[in-house]
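See below for the structure under consideration.
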Amino acid sequence: MTASTTTAPATHPAPVTPAHRQPLPARWIPAARRPAARVRAGQVIATQVAVALVAAATGRGAAVTAVAALVAAPLLAGAWVRVRGRWLHSWLGVGVGHLCRRRALAPGSGPGALLDLLDPGAVVRAVELAGDPAAVLDDADGLTAVLELGDPGDPLGDRPRLLPAPSTLLPPPGPELPPLRLQLLLVGSPAPAAAVGGSTVATSYRQLTDGRLAGRDSALLAVRALRVEGWSDESLRAALSGVVRRIVRRLGPVAARPLGEHAALRVLGELAHHCDGEPVLESWPTVRTGGLLQATFRVRLGAGARAHGPDTRVDGGRRLASRLLTLPAAATTVSLCVGPRAGADDAATPAELAVRLAAWAPGELSAAAQALRRLVDDAGGAVDRLDGQQLPALAGTLPLALGVPGAAADPATLDALELPVGEAGLMVGANRRGGAVTIRLFRPEGTRLVLVGGVRAAQLVVLRAMALGARVAVRTTRPRAWERFVRGVGTPDGPIPVLSPGRPVEGAAGSPLRPLLLVVDAGAPPGDDGPGPAWQSTLVVRDDLTPADADALGRADLVVLQPLSPGQAAVAGAALGLGGSAEWLTRIREDMVAVVNRRALRWALLRPTPIESQLIGAPGRG
């Protein structure tokens, strides 16, 4: 992996030929612009050879005729037999490619080595894009910038926004721009998480959310400027910088920022579910990374009678993308690609939709794949599993804007889909309209949550965090208060460890799919330990507030407050800058909480489920 710093020049030389009239490399030519041929020349030649062999063997004896027939039969089968919708000779080409390419990465390899496996020769270079330091992925086909959409660092996640269709972000072709390709990635994990299976925790959370709320989501946009004749690296960087600037402006209220060098590599590894200590290995049906089995599927929508696409006039059809993120997999990645544009006709612009599923076990992956097929079939589409091409398909569902082999979809159908971001998270409760009040308890950075109210409310948060796949450890000076809860809650990792203050937590560090929640119920206000590691949250439990707690409240990323006395409300209001809203903390119901961060205040009804009520009791402060 190499890196260099480059500042894009203010101007760039005009290409010799307008980019939209220059020939594209073969891999980027849209299917609609390739010569149409129902019967390929190779099929005709294979048939002619087979017939000639049989004709030449006629009259030369049974043995010669049998040999000729044995040779002719595979030729004819390869030319004219279809298996799972593809010619047999096409499967032969897939098999040869599978055997000939590099298909493994040794344990201990970092994101840079993963990038080289998926996109050989690619490097990450530090540049300046749209006036800010950023990074581009530089490979033989072009330069790619990666933008993070939304604010994944915002702990309050109940402000979903709709993203514009990728095709509306793709500039029209012209002499001042190289051919461009955009890829929108939507990544999510279901809630309850696949890791908790059919446990009591999962059943309880499903009762709370009806399975409609993803536990985690994120969105990325990859912008690729393709290399064509007449465009130097400097001119490509300048053009890419201008396109990124226009896209950020077009996104408007949806925050968008180009990723830097280290962030781009981190995101690449996280989206591939790659752990440095685990190998990467492609088999025929899957790719194994970080203990997960992954399989990618291309989705055909609006591509013929069998795939007419979802009815976007109804809510279920419009929300196909968000429904995909709640499939029963450990994680789901939805990739929408558009471009390069051939002209003013949007219908001629290639578009692709692909879905990558990750699961901990073959049975879980099979169940998720069946759910995917049912969902897409109900939406009027069709699904093809990319067996033999899973490693290139993994690359096609990472923010490289490479695309998935053979994927194609109707651009108008994809444009009609709703593309939300920011609506996932842990459900704390419901607002006055019945909508979910969610928080991002687990983030790519350490999170500190202070809960003022008591043990039972803390146990409610813990139970719901476990439904998102979190491991939990409790440090407490009153273990008897946690004993009944720990006995009643089983986890795949065994009983929740209850530790005395200061004891270390054993086990692996937190990860996006297996985050860690550390509960600190130690009586005295904790000191400032600094930010915790990524994908780990610390839940500090306080029964009452005193002036000594003001500093801890001010440093917290999130604060959850049950009803307070006037004196405690004054402490909270001063520490959190609540102003007149602090008075309401003395008036809210016993089953209500205020959720506060540095920028917003939300009110929520806890709405405990029957299982939560049985395990914990009423979540009041008594």
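The values are calculated or read from the model by the stated rules, or taken from the named source; none is laboratory data. Remember, predicted model here, so these are calculated numbers, not experimental data. Cβ coordinates were reconstructed from backbone atoms using ideal geometry, including for glycine residues, and neighbour counts include every protein chain displayed.
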- prompt: Taking region 360-374, which residues are closer than 19 Å to residue 185 by Cβ and either among the hydroxyl-bearing types (Ser, Thr, Tyr) or out of contact with any Phe, Trp or Tyr (no Cβ under 9 Å at 6 or more places or on another chain) (or both)?
  reply: 368
- prompt: Is there a residue being modelled with pLDDT of 90 or more, over 16 Å from the mean Cα position of the chain (by Cα) and closer than 30 Å to residue 460 by Cα anywhere in region 221-234?
  reply: no
message: Whether any residue in region 163-174 is in a helix (DSSP H, G or I), among the polar types (S, T, N, Q) and over 23 Å from the mean Cα position of the chain (by Cα) is what I want to check.
response: no
- prompt: Taking region 177-199 on its own, how many of its residues are at pLDDT 90 or above and of a type in the set (S, T, N, Q)?
  reply: 2
- request: Write out, first by first residue and then by second, each pair whose Cβ atoms fall under 6 Å of each other, whose residues are 6+ apart or on separate chains, and whose first residue, in region 269-290, is closer than 17 Å to residue 97 by Cβ while the second is in a loop (DSSP other than H, G, I, E, B) and not basic (Lys, Arg).
  value: 284/387; 284/388; 285/387
- line: Considering residues that are part of a strand (DSSP E or B) and either of a type in the set (Ser, Thr, Tyr) or surrounded by fewer than 18 Cβ atoms within 10 Å (Cβ to Cβ) (or both), the number found within region 111-138 is 5
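For (1) surrounded by fewer than 18 Cβ atoms within 10 Å (Cβ to Cβ); (2) farther than 28 Å from residue 154 by Cβ; (3) assigned by TED's automatic domain parsing to the domain that holds residue 608, each residue gets a yes or a no:
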| residue | (1), (2), (3) |
| --- | --- |
| 431 | yes, no, yes |
| 443 | no, no, yes |
| 459 | no, no, yes |
| 485 | no, yes, yes |
| 495 | yes, yes, yes |
| 504 | yes, yes, yes |
message: I want to confirm something. Restricting to region 96-110 and keeping residues that are under 24 Å from the mean Cα position of the chain (by Cα) and not small (Gly, Ala, Ser), which single residue is surrounded by the fewest Cβ atoms within 10 Å (Cβ to Cβ)?
response: 107
- request: Within region 590-606, track down each residue that is under 22 Å from residue 209 (Cα atoms), among the charged types (D, E, K, R) and surrounded by fewer than 18 Cβ atoms within 10 Å (Cβ to Cβ).
  value: 590, 591
query: What pairs come up if the first residue lies in region 590-601 and is over 12 Å from residue 431 (Cα atoms), the second is modelled with pLDDT under 90 and surrounded by fewer than 17 Cβ atoms within 10 Å (Cβ to Cβ), and their beta carbons are under 6 Å apart, counting only those six or more places apart or on different chains?
result: 590/620
query: In region 461-495, how many are modelled with pLDDT under 90 and part of a loop (DSSP other than H, G, I, E, B)?
result: 7
- prompt: When you go through (1) surrounded by 21 or more Cβ atoms within 10 Å (Cβ to Cβ); (2) in a loop (DSSP other than H, G, I, E, B); (3) out of contact with any Pro (no Cβ under 8 Å at 6 or more places or on another chain); (4) of a type outside the set (Ser, Thr, Tyr) one by one for residue 208, which number turns out not to apply?
  reply: (2)
